[in-house]
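Worksheet: one structure, shown below.
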Amino acid sequence: MRTATRAGSFGLTVALCAGLVACAPATADRGAPRQVIVIEEQQEPDSLNPIISNMMASVDAMSPVFSGLVQVDNKMHFFPDLALQVPTLENGLVKLEGKGMTVTFHLRHARWSDGVPITSKDVVFTWKVEMNPTVMASSRDGFDRITRIDTPDPYTAIVHFKSIYAPYLNLWGTILPEHLLAKAVAEQDRPGDSHFNHCKWNRHPIGSGPFKIKDWVSGDHITYVPNPYYYGRKPKLKELIMKFVPDQNSAFIQLESGDIDIYQSAAITQYDQLKSMPGIRVLTTPALEYDHLDFNTRDPILKDPVVRRAMAYAINDDKLSKIIYKGLYTPAYGDQSPLNKLYFNPAIESMYPYDPAKAKQILEADGWKPGPDGIRAKDGKRLSFTIVTTAGMKPRELTERVAQYYLRKVGIRLNIENVQADTLFGRPDGLLNTGKYQIALFAWISSPDPDDVFLWNSHQFPPNGENDTYYSNPEVDRLTVAGDSTINLAKREAIYKRIQYDLWRDMPMLSLLNWTAIDAINDRVGGFRPNPTSAGNLWNTQDWYVKE
Amino acid sequence: MAEPLLKVSGLQTHFFTEEGVVKAVDGVDFEVHRGQVLGIVGESGCGKSVTTLSILRLVAAPQGRTVGGQILFKGQDLLKLPEAQMRGIRGNRIALISQDPLTSLNPVLTVGEQIMEAIILHQHVDRRTARKKAIAALEAVGIPSAASRIDEYPHQFSGGMRQRVVIAMALSCEPELLIADEPTTALDVTIQAQILALMDDIRRQREAAIILITHDLGVVAEMCDYVAVMYAGKVVEYSDVATIFANPKHPYTRGLLKSIPQLGEKKSRLVPIEGQPPSLALLPPGCAFAPRCTEYTRKCSQQMPLLEQIDTNHMVRCWVTAGQQDTPAPAGATR
Amino acid sequence: MGAYVVRRILTSIPLLLGVTLILFLLMHLMPGGPLAAYAQNPHIRPEDLAKIRHIMGLDKPLWMQYFFWLGAMLTGNFGASLTSGQPVLAMFLSRLPNTLMLMGASLVVSLIIGVLLGVASAIKQYSAFDFTVTTLAFIGYSLPVFWFGVVLMLIFAADLRWFPAGGIHSIASHGGILDLAWHMVLPVTMLSIVSVAGWSRYMRSSMLEVIRQDYVRMARAKGLSEQVVIMKHAFRNALIPLVTLIALSLPGLLGGAIMTEQIFGWPGVGRLFFHALAESDYPLMMAILTISAVAVVVSNLLADIVYAALDPRIRYD
Ligand SMILES: Nc1ncnc2c1ncn2[C@@H]1O[C@H](COP(=O)(O)OP(=O)(O)O)[C@@H](O)[C@H]1O
Ligand SMILES: [Mg+2]
């Protein structure tokens, strides 16, 4: 396609443009390596306020500007950022106290990019902002378990949790400057609506990360320059530019022409071409997201675990990946990512090999006999289900078709009826939240620190929780609560491996494929290490450089 | 007689359409002399307008083309003239007054502008002079307070006034030949008379020749010196006006005249003769009038009669009546 | 004329109110309602949602909400974006110049080319030129715009490297007018191709219509040269009906072109609107829709006024 059409047929355009080409400014000169890296971002962040926004683009755009107490690296390990150490039970910075716990952070002597020192007051402030009812926080999970934060001195913060909270490290990815924001939080634009939600700072935040924002040209790019007050080693880059490129073809070409250096999350369909592009390296990184089928276990037919298991045997994950994802996605098992070395239970990998004969056999044994049209039935009930996913998402729609094909082979019919995202996920009246579905296809992202109560505890049926499969197993109920109330790693490991096993055996949810991120980078870029966690690929921009 | 101002002979203008060749004009002969008025009559669609457009070489290309004949204007064949020279004749020496005063003025230009542009073009004068001449032309056709109305737009004039504007436009360069294609059809009776009177003045004062196309035999009787009767693209009878009324030869002409109830009655439009005029794309062999003719003979539908001279200034295209004339009566006996 | 304009403005008011009412109801009928942006976020608990609902006055009766909303808009307060918290009017205005530039350039370019092609093929009706233009126009008309944009990009940005594949400025050079023009070529071409096809078709038929008129024949009968006949007598008359179309395409100047802006990374209103749609950011969406609706009504008014100025036959009564 790229070479098939040539300029001739566009004579008009050519004639029009000829003048402009002549006076086109020289594209960024590629002589001496300028310490400038341009990274593509498909979407534009809505806000750079870490409390308000939860868009991936915002996370990426905020990473260079903010630092937190602790951060997650690309291997899913926590490392100290503004804190001097990662608090754990072992190093004594985490203490159990009755039903609750305390976590102590010792801060390094760092400064905001306006030169003002960062103190434990800012930690307290961050928590208070999160909990302020007039602030439109995107999540208060975890912060609501904190009873108070003591600040015995400007560089110590002791956080008191009212109960055991295992993912206690997840809360500190960004700290906010009290001296700049206190006023905005206190003011209200209208009753109940803090000025903090709308203030200018949200577009030009002052943080404490390796970079600060020089310029944000709406819809086009953000320019970052090194933060002179950054506590760590000065970044090697003179400038970091995040360019918004909504179209993936455009990103592809801009990578080739050198207008961008890093193309994140490239399309699967571009993979082969990117691989053959000279001067470009393609990085494939296993991601934490996985596609899965949720079964509504309240459904009169789907409540039979044999039927659900038969589907696990019947669908060929490897083929699914080859057909839709060039084999880059890997088969998924259970609800933990294999990247999560600590918690993933490899024992469940072999439970459901692709085996259509076995699928037929267990259905047969369960009394499901093929009818005249090949669809199995029992007592007048037929194995014919409706599957739903977000309409318009091509790969998912393809996944449905492939699943349809494999299930048909064992005598199960799938009817596809896709809807808009709001209709599927909306709360309180989306299909998932009202249980008005049979099988739903969507993706989840697994967290480095599992917290299974919300998803699998039978007290968490919608609309209270997110157990939208209506899965109910007393043992899992017990285990999820137990896991939530211990931070002993060995115990937690045992608990979550057990939950994985139970879930995979009972099959309320069939995991299909783990995602793989494709990032393509120019050879001149050094230090780029994709991070599959919610920290995102810009987690270590201080280490980025242009190769000599 | 002196050399005619305009002599048209054997004129053929055809339209090459998807449905076939429409022979809109297919054998037209007539002469016009200085200071005289030639009337062209005939049913609607018989080719009168196409004839006038052919003279000015304004038939819409590429479908319409004049494929045969001669148009001698002061001895010079207009059909052989280069386009640039032809432009020097149009509007300057031959002017057109077209059918519908409502549509023949450009709605977005002032009437002054529309008159002046021809004056500037042909008389090579500056705008000031052209403007004076345009006002004079408007006054000449009887438009009151011409000096102020010259800057008005056509829609600000009444129908009759607009036709006067069109005439003023046509007269502005003092043409030798004026072609008026049904100049009064769209106007009401009193205004019709005024316009005709105006044209008659012009003829007398300026010695201009006029081709007057009309449906109205009363107008013909009143205004014309000669008459050409057209049927299906051909001139079927040509004569001085007295002869036509006193001694019409072609059955079609007779039919036309019969439809005038009383001589002298003004409102005497052509009343249709029974039957429909033929489609000009599918003309039968022989005389085109044959299917409607009361004096039809076999020969009529086999071969097209020629326009034959049966008397000085009297020509007829008919097997029956021209033949009758031939044998019993000696030439010239009719008068 | 003044009275005419005032009357036209007054009669537009009920129309505008109707449009706002429909938009308002639409927003409430969408799945998730005005708070869909929050409703999809699993971290926002029902009690938080209720609080937001209260803050935003969404617990009041619908008719009351409509009047509050209308009142706020009349005072230029379109509210804050649900996703960024910024005033939506400011967000809109920050994108507006870019969109005006892109759409304006494409309107001008496509009009000039389209009108010239249309006139030329009308006066050369049935010639090889006319046939070619007609064929190309039909191709241009039926080209999938998206595909065409990508092809443009592949040829002129990827293969030939003549033009950039996206953005509004080179990162290196800041804000030069030539640099801007250079970035505009491909998106403007993409936008223009369909409209050139449209304008040329329209102009051709309008011109053919006019050329048949008696006054054009009369102009020829005056001995005027073909050029004068076409340009002075035919062209201006043929333009009159075009004015309405041009005016009706003016609201597009504000609304931008979602697809083109998306493909070429153009920071315009179209992409902002797309973002608003994708993120269910209703205040932003409503602001853009409402402003567009006002623009449509204003353009209609403008069309009538310009039409009247061009055509002396129109009177204001
Ligand atoms: N542009 C044209 N294309 C095809 N046929 C035409 C065209 N103009 C005129 N004609 C045909 O030529 C014939 C004569 O037309 P015209 O001279 O206008 O008649 P009239 O005697 O009423 O003035 C009509 O039958 C008409 O159909
Ligand atoms: Mg006529």
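Rule-based calculations on the coordinates, nothing more; no lab input. This is a predicted model, so every value here is computed, not measured. Here the Cβ is made from the backbone with ideal geometry for all residues, glycine too, and neighbour counts use every protein chain on show.
So what's the projected area for the protein assembly as shown, the Cα convex hull averaged over all directions, in nm²?
Result: a mean projected hull area of 63.6 nm².
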*Identify all lysines with a Cα-Cα distance to residue B:80 below 16 Å; exclude those on the same chain that are fewer than 8 residues away in sequence.*
B:7
*Alpha-carbon centroids, the stretch A:180-244 and the stretch A:74-128: separation in whole Å*: 22
*Using the Cα centre as the reference, give the magnitude of the dipole from point charges on the C-beta atoms of chain B (Lys, Arg: +1; Asp, Glu: -1; all else neutral), rounded to the nearest 20 debye.*
240
*Alpha carbon centroid spacing (whole Å) that separates the stretch A:271-334 from the stretch A:136-151*: 36
_Farthest toward positive dipole pole in chain A [+1 Lys/Arg, -1 Asp/Glu at C-beta], among A:139, A:208, A:253_ = A:253
*Tell me the label-point distance for the pair residue B:189, residue A:417, using the 7 Å Cα-to-Cβ offset, in nm and rounded to one decimal.*
7.9
*asked:* Averaged across A:247-260, how many Cβ atoms of other chains sit within 10 Å of each residue's Cβ atom?
replied: 6
*Treating the beta-carbon of each Lys and Arg as +1 and of each Asp and Glu as -1, no other charges, what is the dipole magnitude of chain A about its Cα centre, to the nearest 20 debye?*
800
*Which of rounded, prolate, oblate describes chain A, given a ≥ b ≥ c as roots of the alpha-carbon gyration tensor eigenvalues and a/c under 1.5 marking rounded, otherwise prolate only if a/b is larger than b/c?*
oblate
_Peptide A:107-120 - average C-beta neighbours from other chains (10 Å radius)_ = 0
_Sort A:244-253, B:294-303, A:322-331 by packing, meaning the average of other beta carbons within 10 Å per residue, with the highest value first._
A:244-253, A:322-331, B:294-303
*Shielding by partners, peptide A:183-192 (average Cβ within 10 angstrom, other chains)*: 2
*Show me B:122-128, A:211-217 ranked by packing, highest mean number of other Cβ atoms within 10 Å first.*
A:211-217, B:122-128
*Magnitude of the Cβ-charge dipole of the protein assembly as shown, K/R +1 and D/E -1, about the Cα centre, nearest 20 debye?*
1140
*Take the cross-link list B:74/B:133; A:341/A:378; A:275/A:436 and give me the ones stretching past 32 Å between alpha-carbons.*
A:341/A:378; A:275/A:436
*For chain C, with a Gaussian network of springs between Cα atoms less than 10 Å apart, report the residue from C:176, C:114, C:268 with the top mean-square fluctuation.*
C:176
*Calculate the spin-label point distance for residue A:233 paired with residue A:409, positioning each point 7 Å from the Cα along the beta-carbon direction, and give it in nanometres.*
5.2
*Positive-pole candidate from B:22, B:88, B:71, dipole of the stretch B:17-104, charges at beta carbon*: B:88
*What spacing in nm lies between the two simple spin-label points modelled at residue C:53 and residue A:190, each 7 Å away from Cα in the Cβ direction?*
1.7
*Give the long-range amide H neighbours of residue B:40: residues separated by 5 or more places, or on another chain, with amide H under 5 Å away, using H modelled in the peptide plane at 1.01 Å from N.*
B:212, B:213, B:214, B:228
*Pop the C-beta distance of residue B:155 and residue C:28 into the FRET formula with R0 = 60 Å and round what comes out to the nearest 0.05.*
0.75
*Among B:115, B:212, B:233 the positive-end extreme of the charge dipole of chain B (Cβ point charges)*: B:115
*asked:* Could you tell me the calculated FRET efficiency between residue C:246 and residue A:548, based on Cβ-Cβ distance and R0 = 60 angstrom, to the nearest 0.05?
replied: 0.60
*With a 10 Å radius around each residue's Cβ, average the other Cβ atoms per peptide and rank A:48-55, B:47-54, C:128-135, highest first.*
B:47-54, A:48-55, C:128-135
*Between residue B:147 and residue B:61, what length comes free when the chain is fully extended (0.36 nm per residue of separation minus the Cα-Cα distance, one decimal in nm)?*
27.1 nm
*Return, ordered by residue number, the residues of the stretch B:11-50 whose backbone nitrogen is under 15 Å from a label point located 7 Å along Cα→Cβ of residue B:204.*
B:35-37
*Helix C:128-142: angle to the longest alpha-carbon principal axis of chain C, degrees 0 to 90, nearest 10?*
10
